[in-house]
Amino acid sequence: MLPRLGYSEEADLPRSGVSCIVIVEIHALTKIYEGKQRVTAVDGIDLSVNPGEIFGLLGPNGAGKTTTISIATTRTLPTSGSVRIAGVDVVAHPAEARRYIGVVPQYNTLDRSLTIYENLYFHCRYFGFTHAQARQRSDELLAQFLLSERRKAYPSQLSGGLAQRVQIARAIAHRPTVLFLDEPSAGLDPQSRMAMWNAVQGLRKEGITVVLTTHYMEEADALSDRVAIVDHGRMLAIGSPQKLKETFGAQTIIHLTLRHLDAAESVAAELRLRPGVQNVELAQDSLRVFTNGAEGLLTDLIQAASPLGLRDIAISEPSLETVFIQLTGRDLRE
Ligand SMILES: Nc1ncnc2c1ncn2[C@@H]1O[C@H](COP(=O)(O)OP(=O)(O)O)[C@@H](O)[C@H]1O
Ligand SMILES: [Mg+2]
C-alpha cells in the first residue's frame, strides 16, 4: 500500500521520508484523435512530478495540455504510453487512481442545483466520507478558502474568482495527493488571478502536489517549481523557470514591427554584425533582434529600421516568453 501523501494524519511525516516516490509518472504518452482528421494531440511525452512540487505545463492553445491532463485524470484513454499516479496505472486501475487525484477543469463544473456547501458535502460523500466526516470537512474547507459566508449561495451567484475557489476547495476535499488545474486563471480578472495563485501556493503547505496547465508564461513563472514547455504534443524543454531562462532565454528580444519587409533580409544581415546583437530573425511583419543588451543599441536599431517603415518597437526582457520564442520561433500568443 502506498502512502496517501497529503493526508492530514500524515502531515507530520518528514519530507525526506516520502521524497523517493514519484507522484505523476508519464511515460511515452501519445494520443491520436481519429476522426475526419487525424490529430496527434500528444506525441510522446515523458515527465515525472515529484512530491510537493508545483509543476507547470506551459504551451500555446492546441499544444496538448488538456489532453495530457485528461489522460492523467482518467477522463480520456491514451493511444499508447502510460501514466502512473502515486504508482497506480490510470488505465489499469482508474478507480484507485482517482482517489489520489483532484481536478479543476478549465470550465466551471460545479453542480448548479446545489449550494456551495452542498457541492463540497456531496463530493466528500461520493468519496466515502460519512455524513459527519463530510460535514466537518466541508465546514473546514469553507473556512480555509474564506467561503463561509457564501455557504448557502448557488454557483450562479458567484463571481468567476469565487467559483474558481470553490472548485479548488471541492477538488481537494477528499485529500488527494495531487491536484490538476487546467488553465486555472482563464477568464479571471487580475485580482482573482492573484487570489488563485495564493490559494495554489497555500496547497504546498498541505503537501499537495500540483500540476497546472497554462498559456500564460507569467503564471508558469510565478507559480511553478518546474515547467515543461510543450508545443504540438511534444515537450521541448523542462526545468525550473530560472534554469530554462539561463539555458534558452538569457537574451532580451527587441521586436521591430515594419511596414515594408522587402529589404528586411539585408537589414537583418547588417544588424547581425553589430556589437551586442546575438541574432536577428525575420518574423511575420517584424524583425526580432536577440541581444544581451548593449549601450545605445536601441537608437542604432531605430535608425537602421526606419527605411523599412518602422511602425512599432517592443522589448521582451528575458522570460519564459523569450524562451518559448527561442525554442519554437513563435510567440506564445500567436
Ligand atoms: N476530442 C477531440 N477530438 C479531436 N481532436 C481533439 C479533441 N480534443 C482535442 N483535440 C485536438 O488535439 C489538439 C490538442 O488539444 P488540447 O489538448 O485541448 O490542447 P491545449 O489544452 O494545449 O490547448 C488540438 O489540435 C485539438 O484540436
Ligand atoms: Mg486546454
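FYI, it's all coordinate maths here, none of it is from the lab. Keep in mind that this is a model prediction, so the values were computed, not measured. FYI the Cβ positions are ideal-geometry reconstructions off the backbone, even for glycines, and counts take in every protein chain you see.
Only DSSP H runs of four or more residues enter the estimate; each adds -39500 (n - 2.57), and after division by the residues of the chain the mean residue ellipticity at 222 nm equals -9500 deg cm²/dmol. With both labels modelled 7 Å from their Cα along Cα-to-Cβ, the SER82 to THR299 distance reads 6.4 nm. If the chain linking ALA269 and ALA28 were pulled fully straight, counting 0.36 nm for each residue of separation and taking away their Cα-Cα distance, it would gain 82.7 nm.
So, by mean Cβ neighbours within 10 angstrom, what's the order for 155-163, 60-68, 310-318 with the highest one leading?
With the highest mean Cβ count within 10 Å placed first, the list reads 60-68, 155-163, 310-318.
In a simple Cβ point-charge model (Lys, Arg +1; Asp, Glu -1; nothing else charged), the chain has a dipole of about 1160 debye relative to its Cα centre.
Please find the FRET efficiency linking ARG204 to VAL91, where r is the Cβ-Cβ separation and R0 is fixed at 25 Å, and quote it to the nearest 0.05. The computed FRET efficiency comes out at 0.30. A straight line joining the Cα centroids of the range 48-106 and the range 297-334 runs 36 Å. Could you pull out the GluC sites (Glu not before Pro) across the range 208-304 that fall in loop regions by DSSP (anything but H, G, I, E, B) with no more than 13 other Cβ atoms inside 10 Å? The qualifying sites are GLU295.
Across the cross-link table entries LYS65/LYS245; LYS31/LYS205; LYS152/LYS205, which are compared at the Cα atoms, the separations over 25 Å belong to LYS31/LYS205; LYS152/LYS205.
Modelled this way, with points 7 Å down the Cα-to-C-beta line, the labels at SER156 and ARG75 are 2.3 nm from one another.
Shape analysis of the chain places it in the prolate category; the axes a ≥ b ≥ c from the Cα gyration tensor give an a/c of at least 1.5, with a/b above b/c.
Extension gain for HIS232-ALA186 works out to 14.5 nm (0.36 nm per residue, less the C-alpha to C-alpha distance). Neighbour counting of Cβ atoms within 10 Å sorts the residues TYR33, TYR154, fewest neighbours leading, into TYR33, TYR154. A crude spin-label estimate for the pair SER240 and ASP331, with each label 7 Å from Cα along the Cβ direction, gives 3.1 nm. Sorted on the mean count of surrounding Cβ atoms within 10 Å across their residues, most packed first, peptides 173-179, 127-133 read 173-179, 127-133.
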